[in-house]
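The structure appears right after this line, and notes come after that.
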Amino acid sequence: MSNYKKFSFYLIIFIIFFILFEIVFNLLKIRPSNSNYGWLNTHQYYNYIIKDITKNKFGTRDTFDKDPDKENIILLGDSQVETAQKDNNMPARILEKHLNNKYNVYSFGSWGWGTDQQLVILEKNIKNIKPKFVIVFFTPNDLTDNYHNIGFFGEKPTFKLNDKNELIPPKFENYKKLLNNFWTYRILFRLKLFYQNRNLENFLVEDYFQKRNNCNFDQKISIKNLIEEKINYNWYLSKYKEVYSNNPNQSSDEARIKKSYYRFFDKRNNYELETDREYDYFRDHRTNLENKKINLTNSLLKKIQKVSNQNKSKMFLINVINYNYLFEEEKDYKICINNKEVIYSNENYFKTFNDTFNGINNIINFEIYRGTIDYDIYDAHLNFEMNNKLFKRVSNHIN
């Protein structure tokens, strides 16, 4: 057999194997199961709650029609903007009502979006919509969402910073959309990211702990103790017990809920090494990775502000300060990790987000006081009453 024939034979075998592999994985629904690159909505995750979900012409959850005689507002965000609540309870509709229906508010948000996907959709559509205001509903998990190529709903457009701290936009978007139809690509891509990020985080964490002092105090508290200092368990239980008791598929057993409680607050992105997870915002020193997240998010927010200004729009940033998720006492909490002393406090939390918002104008700070039931038990985000208060504040700034 000639070399050419051998090559052709092996190529045909490879193609057949590849096709069979794709078919089998699709039939078996082996994860990762999602092929939607840079998703616009996550309706299938909550259509059991809302039967009739409408979307605007741009693909995000919204109402169909806009009044061409009204001025426009773009509301950017993640699941806090999309929500799984009734149409009239969506933040965009609440804001329209507080503005006496003088504006069309375009709801540009989806579960799992970071600032990166918000910037992408803004750049693509701001010239057509010509908004008077661009409102960014920021959430703390945007820091991590912006850094990772894999998001809540699959692979997504991700920005990078070069050595000069300049923002580099995502590349090959159309090719990525095509490649994400193939399970082979999605699996190999995730494996690459997993090992790449684990190795990077291992190095950064080791470097970080080399700079710390050894523990020299007798009383040591654990991450579990930190959770108990930070989150009021009775408040958490009051949020979750009703939804569990009303759901026949879930047990309302308090022991199971408590286990879920600790697991939820000790959670972070799957592509990072577990150190102190949900408490990095409160730590007295940051790893290089955490600084990269802050710098990247700050650059993305500045870019949204710049794009808004270039299109004669004024940008507002909503910053919700929820004291239910902060430490109850204003003091330092010491803990030993790898026999190194690490200190946590609310002061460090505020410093994290002050750095994230550096150079951003028109920040609307909205405080939720500790013990307030702010949570919609079915939607898992701010309830209608809290969003109503929040967007009344936003409307006052606009007016």
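Ranking request for peptides 74-80, 143-149, 388-394: highest mean number of other beta-carbon atoms within 10 Å first, then the rest in descending order.
Put in order of decreasing packing, that is 74-80, 143-149, 388-394.
What ranking of 43, 381, 285 emerges when the number of other C-beta atoms within 10 Å of each C-beta is taken as an exposure proxy, fewest first?
If I rank by nearby Cβ atoms, fewest first, I get 285, 43, 381.
As a footprinting exposure proxy, order 226, 188, 179 by other Cβ within 10 Å, with the fewest listed first.
Result, fewest neighbours first: 188, 179, 226.
What list do you get for 395, 308, 107, 8 if you sort them by fewest beta carbons within 10 Å?
So the ranking, lowest neighbour count to highest, is 8, 395, 308, 107.
Full extension from residue 162 to residue 288: what is 0.36 nm times the residue separation minus their Cα-Cα distance, to one decimal in nm?
Gain on extension, residue 162 to residue 288, equals 43.9 nm.
Whole number please: convex hull volume per residue, Cα atoms of the range 295-399, in Å³.
In the range 295-399, the Cα convex hull volume per residue is 152 Å³.
Taking 2.2 N^0.38 Å as the expected size of a compact globular protein, what ratio does the Cα radius of gyration of the range 33-111 give against it, to two decimals?
Relative to the 2.2 N^0.38 Å estimate, the range 33-111 comes out at 1.10.
Between the range 54-73 and the range 91-152, how far is it from one alpha carbon centroid to the other, in angstrom?
13
Bear in mind these aren't lab numbers, they're just calculated from the coordinates by the rules spelled out. Because the structure is a prediction, the values reported are computed rather than measured. As a convention, Cβ positions derive from the backbone with ideal geometry for all residues, glycine included, and neighbour counts pool all protein chains shown.
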